[in-house]
1. Would you tally the residues in region 418-450 being at pLDDT 95 or above, small (Gly, Ala, Ser) and either in a helix (DSSP H, G or I) or under 20 Å from Leu72 (Cα atoms) (or both)?
2. What strands (runs of 3 or more DSSP E) lie completely within region 164-246 and have 2 or more residues being within 14 Å of the ligand (Cβ to nearest atom), surrounded by 20 or more Cβ atoms within 10 Å (Cβ to Cβ) and of a type in the set (Phe, Trp, Tyr)?
3. Of all strands (runs of 3 or more DSSP E) completely enclosed by region 1-111, which ones contain at least 2 residues that are in contact with a Cys (Cβ under 9 Å, 6 or more places away or on another chain)?
4. Scan region 142-149 and tell me whether some residue there is outside any helix (DSSP H, G or I), within 18 Å of the chain's Cα centre (by Cα) and buried (at least 19 other Cβ atoms within 10 Å of the Cβ).
5. Could you list, ordered by first residue, the pairs with Cβ atoms under 7 Å in which the first is in region 390-412 and touching a residue at least 40 places away in the same chain (Cβ under 8 Å) and the second is of a type in the set (Asp, Glu) and crowded, with 19+ Cβ neighbours inside 10 Å, at least 6 apart or interchain?
6. Give me the pairs, please: first residue somewhere in region 200-211 and over 22 Å from Leu359 (Cβ atoms), second residue anywhere and within 13 Å of the ligand (Cβ to nearest atom), beta-carbon distance under 8 Å, and either six or more positions apart or on two chains.
7. Of a type outside the set (Asp, Glu), assigned to a loop (DSSP other than H, G, I, E, B), out of contact with any strand residue (DSSP E or B) (no Cβ under 6 Å at 6 or more places or on another chain) and within 13 Å of the ligand (Cβ to nearest atom), is that true of Gly415?
8. Go through (1) more than 19 Å from Phe392 (Cα to Cα); (2) in contact with a Phe, Trp or Tyr (Cβ under 8 Å, 6 or more places away or on another chain) for Ala198 and report which single condition fails.
Amino acid sequence: MPYQNIIDSQRQFFNTNATKDISFRIQQLKILKNAIKTNESLLYKAIYKDFKKSDYETYVTELAIIYHDIDLALIKIKKWARKKRVSTGLTNLPGRSYILPEPKGVALVIGAWNYPYQLSLSPVVAAISAGCTIVLKPSEIAANASAALAKIITQSFPPSYFKVIEGGVRNTTELLKVKFDTIFFTGSTKVGKIIYEAAAKQLTPVILELGGKSPAIVTAGVDIDMTAKRIVWAKFLNAGQTCIAPDYILVEKKMEAALLVALKKHIEKASYSIDNRNYTQIINENNLDRLITMIDQSKIYLGGKFDKENRIIEPTIMNNVSFDDLVMQEEIFGPILPVISYEKLTPVLDKIKTMDKPLSCYIFTKNKNMRQQVLREISFGGGAINDALVHFIEDNLPFGGVGSSGIGSYHGEYGFKAFSHYKSVLHKTFLFELNLKYAPYTSQKLAWIK
Ligand code: NAD
């Protein structure tokens, strides 16, 4: 197996116990931060080559998040890694019980292309904090970003601790034949199943951060201008190539017209257009073609034009959409926003319940009953009320999916937990012994314990 040597050397290094020292982990986090800081311009250029993402967008949605994750880990790591005392039951007294977080070991992190730095390095920050060694496989689809990551990491870390392996399906398939102690995967539900199956063969625990169709529900009585502004930002950031972007809107019929007008206003205000050099490209031709086929020309409210050569699709709003339309059959993952109107909330929620559980759900409402109904009835990974996307940056909220949208979670301490095993320990003394547990098991003993 081509990658066995790398994993063997990482396991050897892990077994030296070097990564168990908190001071070692702190040092590595600082090295990582410094490596990114000193190579910011290389990182900006690479991602611009991949899909014309502006430096601003790259900083805000990628680098700033990684810096924040590192800074948070530096502050909290000692607390997260601390032994936690818990109470001990009467039968085990005198004794002490505690939980010891320990690193899972050699971790494989597989990243997606849409935020190629953040989706690779945020899990890496968690893995370093937990004390794992790391093999990182960034997505080959953002090829320049992948190469930039490989360059920076190779310059900064020995491969026996942290190694980037570039490549596509063939390389990942080979990697998955090797036994890792944990696998952290970000990507599609389809590939998530392949990863899960490969991991099962080795009984390797996984965290799967997957996708899905995330609804934004808009009820009557909301601040429609602010609702539209927030949805437009969340949807068209990165040209809709965001796993938690609102995939489609469900709007109460009487609000539909006003919402459409407000969405149009905010798209124009943000100057998202084919001519805007700061409007992110679609990552490749395959995705461009996939998206174009989703646009039903007879249902366009706004946009719908595209520039194949530059791989750009105008922010496109479709209305009069039904759940049977092509655009509703799979995750869109691009700048197309279908709007479905409804008269009553309950049948719409019943419909969502028949679909795969979404990664996110957003509800824009001032109505407490409706808010509670959505929260009680719809299972989703995480979400927000009266906003979209922003729950992602809350360190105290676990980020992850449920059902088809994922297994496990990370961010903040949840990231540390994702790469840790919580070892439970009961510490007894030799002070005295309770003889009831020992044979012979007599009827007197049974009578006594009952
Ligand atoms: P993808 O599943 O195609 O690829 C993800 C990774 O898997 C890449 O590194 C790729 O090389 C590898 N891969 C692809 N095919 C493989 C195969 N047959 N065997 C083994 N490995 C394989 O996903 P993508 O196109 O990079 O990203 C888009 C999807 O990811 C969307 O569904 C999106 O919602 C989801 N996503 C989820 C999150 C999250 O945090 N939950 C974040 C970003 C993207």
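1. 2
2. Passing ranges, in order: 182-186.
3. Fully inside region 1-111 and qualifying: 106-110.
4. There is at least one residue in region 142-149 that is outside any helix (DSSP H, G or I), within 18 Å of the chain's Cα centre (by Cα) and buried (at least 19 other Cβ atoms within 10 Å of the Cβ).
5. Gly400/Glu209; Gly401/Glu209; Gly406/Glu209
6. Correct list of pairs: Thr204/Ile183.
7. no
8. (2)
The values are calculated or read from the model by the stated rules, or taken from the named source; none is laboratory data. Since this is a predicted model, take the numbers as computed values, not measurements. When we count neighbours, we look across all protein chains shown, and the Cβ atoms used for this are built from the backbone with ideal geometry, even at glycine.
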